[in-house]
Amino acid sequence: MPFIAQRLARIKPSPTIAVSQKARALKAEGRDVIGLGAGEPDFDTPDHIKRAAKAAIDRGETKYTDVQGTVELRKAISAKFKRENGLDYTPEQITVGTGGKQVLYNAFMATLDAGDEVIIPAPYWVSYPDMVLLADGNPVFIPCPAANGFRLKPADLEKEITPRTKWLILNSPSNPTGAGYRAADLRALADVLLRHPQVWILTDDMYEHLVYDDFKFATIAEVEPKFYARTLTMNGVSKAYCMTGWRIGYGGGPAELIKAMNAVQSHSTSNPSSISQAASIAALNGPIDFIARQNEVFKSRRDLVVSMLNQAKGISCPRPEGAFYVYPSCAGVIGKKTPRGQTIGNDGDFVTALLEAEGVAVVQGEAFGLSPHFRISYATATELLEDACRRIQRFCATLT
Ligand SMILES: Cc1ncc(COP(=O)(O)O)c(C=O)c1O
């Protein structure tokens, strides 16, 4: 359609949202569907956070705020960075957006010129490439297969850096694999990046608090303080605090970058919701013991799902360090036929046939840039997960 800008031809609608919509449509038709596509905790927002939002409304905090977020919230974020990450960001070096998504979007809009390259380890969170494309940049993908623990290898990174490389995106623990980088992994990548001062690092730490077993979260500007001047440390309240609908994310970085990002935001959404900002202050300054309790539940769900999927014929599922996703391989079912005679040619065929046969909605690995895999979000009730995994086992057993 000629009325629509050409840049729209470069991107695709979010495939994860597409899966959720398809599952909802089947449910509306009366089908028994279990949706494992959505990336949000099934726990409710804690009460002390809700109360802070209600109090903000009653106090009349219902007006525009500073574009980059209220000073109070930025102070709470600054304290969080210091307390949890050992990072010094003044409130002026912090920007708050409508979800982590807007912070990333602002960063690319503020920094990319046509043809600038952004290195994205694959599999990746679905929005990175399309955000880069919307900002006229070129995504450069580096495959990080299961054999590498889905982590970027320093030598692979070195090979892809060019004079046009502007950003490297790191995301740990990762959506979609749940894989996490330990401090030593980040140190090895830092040694490569020190040789390439033109490359900035955008670290998406959204799943920082969702880690299991003995995994210790680390972020790159903490591991290599020299990167403080060329890192955007992005985070948010959506996942750890069960606040996906409140839409608050934030970033800390060099003042010049933050100023440019604020300028972008000032012409799109202005400030994020004043009420959500008040709630986020309570989240960041308040108790976090509920996170440990949630993590116990997530961990037991992860273990259940990994073990049940590894019992499904043709599926092999690594045990990830964090987030609430697993990213099993379905290589063992490629080329097989369903009882209806459909051939499973790729992971897209697998997830479509699974949804039709057993009503289990998962997302094909192709959407995240590494096949043949699929992503399961285990942020859903344990009984449903058990039922879904049984259905997957049953489905795989019918393939010949
Ligand atoms: C890796 C990653 N980064 C960023 C986001 C965006 O978070 P928000 O909901 O705060 O925009 C998500 C949400 O799914 C995510 O998985």
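Conditions (1) out of contact with any Cys (no Cβ under 9 Å at 6 or more places or on another chain); (2) over 28 Å from Tyr241 (Cα atoms); (3) surrounded by fewer than 18 Cβ atoms within 10 Å (Cβ to Cβ); (4) not basic (Lys, Arg), marked per residue:
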{"site": "Cys317", "(1), (2), (3), (4)": "yes, no, no, yes"}
{"site": "Pro339", "(1), (2), (3), (4)": "yes, yes, yes, yes"}
{"site": "Gln342", "(1), (2), (3), (4)": "yes, yes, yes, yes"}
{"site": "Cys389", "(1), (2), (3), (4)": "yes, no, no, yes"}
{"site": "Phe395", "(1), (2), (3), (4)": "yes, yes, no, yes"}
{"site": "Thr398", "(1), (2), (3), (4)": "yes, yes, yes, yes"}
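Out of the residues in the stretch 124-145 meeting the condition of being part of a strand (DSSP E or B) and without any contact (Cβ under 8 Å) to a residue 40 or more places away in the chain, tell me which one is nearest to the ligand (Cβ to nearest atom).
Pro139
In the stretch 4-61, the residue that is surrounded by the fewest Cβ atoms within 10 Å (Cβ to Cβ) out of those that are within 30 Å of Ala114 (Cα to Cα) and either among the hydroxyl-bearing types (Ser, Thr, Tyr) or touching a residue at least 40 places away in the same chain (Cβ under 8 Å) (or both) is Arg7. Contact annotation: no residue pair with Cβ atoms under 7 Å, 6 or more positions apart or on different chains, pairs a residue in the stretch 93-104 that is under 12 Å from Ile248 (Cβ atoms) and near the ligand (Cβ under 7 Å from one of its atoms) with a partner that is at pLDDT below 95 and not in a helix (DSSP H, G or I). Yes or no: Met261 under 24 Å from the mean Cα position of the chain (by Cα), under 21 Å from Leu87 (Cβ atoms) and assigned to a strand (DSSP E or B)? No; evaluated as a whole, the condition is false for this residue.
Yes/no matrix, rows are residues, columns are (1) of a type in the set (Lys, Arg); (2) in a loop (DSSP other than H, G, I, E, B); (3) over 12 Å from the mean Cα position of the chain (by Cα); (4) within 15 Å of the ligand (Cβ to nearest atom):
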position: Ala147; (1), (2), (3), (4): no, no, yes, no
position: Ala155; (1), (2), (3), (4): no, no, yes, no
position: Lys159; (1), (2), (3), (4): yes, no, yes, no
position: Pro163; (1), (2), (3), (4): no, yes, yes, no
position: Lys166; (1), (2), (3), (4): yes, no, yes, no
position: Ile169; (1), (2), (3), (4): no, no, no, yes
position: Gly178; (1), (2), (3), (4): no, yes, no, yes
position: Tyr181; (1), (2), (3), (4): no, yes, yes, yes
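From (1) within 16 Å of the ligand (Cβ to nearest atom); (2) buried (at least 19 other Cβ atoms within 10 Å of the Cβ); (3) part of a helix (DSSP H, G or I), pick out the condition that doesn't hold for Arg74. Status for Arg74: all satisfied but (1). All of (1) of a type in the set (Gly, Ala, Ser); (2) more than 16 Å from the ligand (Cβ to nearest atom); (3) under 18 Å from Ser276 (Cβ atoms) hold for Ala110 with one exception: (3). Number of residues in the stretch 193-235 that are surrounded by fewer than 23 Cβ atoms within 10 Å (Cβ to Cβ), among the aliphatic types (A, V, I, L, M) and more than 21 Å from Pro254 (Cα to Cα): the value is 1. Of the numbered conditions (1) more than 16 Å from Ala110 (Cβ to Cβ); (2) more than 16 Å from the ligand (Cβ to nearest atom), Asn262 satisfies every one except a single condition; which is it? Of the numbered conditions (1) more than 16 Å from Ala110 (Cβ to Cβ); (2) more than 16 Å from the ligand (Cβ to nearest atom), the odd one out for Asn262 is (1). For the condition away from the ligand (no atom under 16 Å from the Cβ), among the small types (Gly, Ala, Ser) and either out of contact with any Lys or Arg (no Cβ under 7 Å at 6 or more places or on another chain) or under 30 Å from Val362 (Cβ atoms) (or both), what is the one hit in Ser238, Ser270? After ruling out the rest, the residue left standing is Ser270.
The values are calculated or read from the model by the stated rules, or taken from the named source; none is laboratory data. Note that this is a predicted model, so its numbers are computed, not measured. Note that each Cβ is placed from the backbone with ideal geometry, even for glycine, and that neighbours are counted across all protein chains shown.
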